[in-house]
Amino acid sequence: MNAAPRPGAENPRGLPMTDADALRRLQEIDLELLRISKEGRELPQRAKIDAAKAARKKVDGELTKIVGQRKDLEIELNDLGHRRRDCERQLDEISASQDGASDYRAAADLEARLTTIAKKLERIDFESDAVTERLITAERAEKNARGLQERLDTETASLAASAKEALLALRDRQEALTRERESISGSLPPELQLRYIKARKRFGTVAVETLDGNKPSACRVTLQPSQYSDLKRRAQPVDECPYCHRILITDFS
């Protein structure tokens with residue numbers, strides 16, 4: 001297998017990149033691209049935005065009820081006002097009639113009517129005070145709900161801006177890695193490119209492992225002495241694990 005350095009690329013030590021270096025870096029890039037994709041899907045802002053939208057929807061429902069209650073109380077208070085003005089009109093009429101009352105019976109009848117209307121006014125005032133208190137409470141609740149809506153909208157907008165910024169940064173990183181991947185992959189011999197593609201399809205995220213002593217780094221199965229000897233005798237920088245059959249990077253130099 002070709003172990004000669006690849007022109008135009010360098011490994012982390014600043015030396016020309018070999019096929020083994022290229023395969024290792026290719027896997028690092030693919031793993032990083034997977035992490036970037038996962039990070040994009042699982043941005044914490046997404047869950048917070050969903051929570052804020054759910055809270056906004058709940059507040060919207062509560063506000064609809066509160067506004068309905070507030071309008072009903074306004075109608076009720078307005079109706080009590082009409083009733084009070086009607087009683088006051090009746091009082092004015094009775095007061096005018098008192099001046100023309102000719103006998104005791106007529107005066108007593110007017111007095112009884114005045115007492116009845118006075119009781120009605122007292123009841124109307126009592127109900128008006130109670131309705132006014134409820135209306136004040138409803139108006140306060142409506143104000144609080146609208147304030148909460150504004151805060152949730154501000155929070156959602158801030159989270160959306162933060163998520164957009166994070167996604168743009170991830171996209172920039174993804175694009176840079178993709179360009180590097182294309183360059184490195186293109187520098188590999190076609191047979192190694194195909195071998196890496198097949199290994200990724202078979203093993204998923206970890207298609208390349210490195211021999212660490214007498215253990216491959218991915219499967220971690222200790223090689224038999226004969227297997228290790230075979231690898232050492234071949235001394236191919238890009239070999240194959242005798243156990244899991246991943247691409248195995250060795251260094252017997």
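Relative contact order for the stretch 44-183: 49 percent, from Cα pairs under 8 Å spaced at least 6 residues apart, divided by residue count.
The GNM of the chain, with springs linking C-alpha atoms under 10 angstrom apart, assigns the highest mean-square fluctuation among PRO16, PRO225, PRO216 to PRO225.
Each semi-axis of the equivalent ellipsoid for the chain is √(5λ) with λ an eigenvalue of the Cα gyration tensor; in descending order they amount to 93, 17, 10 Å.
Hey, which of these cross-link pairs are over 27 Å Cα-Cα: LYS198/LYS232; LYS65/LYS119; LYS57/LYS164?
Cα-Cα > 27 Å for LYS65/LYS119; rest within.
Let me check I've understood the local charge: for ASN78, count other residues with C-beta under 12 angstrom from its C-beta, Lys and Arg +1, Asp and Glu -1. What total comes out? Charge balance in the 12 Å sphere: 0.
Once you have a ≥ b ≥ c as the square roots of the Cα gyration tensor eigenvalues for the stretch 44-183, tell me rounded if a/c is under 1.5, and otherwise prolate or oblate according to whether a/b is larger than b/c. Here the stretch 44-183 falls in the prolate category. For LEU43 and GLN174, the difference between the fully extended length at 0.36 nm per residue and the C-alpha to C-alpha distance is 45.6 nm. Dipole of the stretch 44-183 computed with +1 at Lys/Arg Cβ and -1 at Asp/Glu Cβ about the Cα centre; of VAL67, SER183, LEU159, farthest Cα towards the positive end is SER183. Spatial offset of the stretch 111-178 relative to the stretch 184-253 amounts to 64 Å, using the alpha carbon center of each. Over all other residues within a Cβ to Cβ distance under 11 Å of GLY40, the charged ones net out to +4, with Lys and Arg as +1 and Asp and Glu as -1. Cross-link reach is defined here as a Cα-Cα straight distance under 12 Å, omitting same-chain residues fewer than 8 places apart; for LYS120 the aspartates and glutamates meeting it are ASP86, GLU88. Within the chain, DSSP assigns beta bridges of which about 70% are antiparallel (rounded to the nearest 5). For the stretch 156-251, the share of alpha carbon pairs falling in successive 5 Å distance bins from zero is 3, 12, 16, 16, 13, 11, 9, 7, 6, 4, 2, 1, 0 percent.
Quick note: the coordinates plus some simple rules give every number you see, no bench work behind them. Since this is a predicted model, take the numbers as computed values, not measurements. Neighbour counts are summed over all protein chains in view; Cβ atoms, including those assigned to glycine, are modelled from backbone coordinates with ideal geometry.
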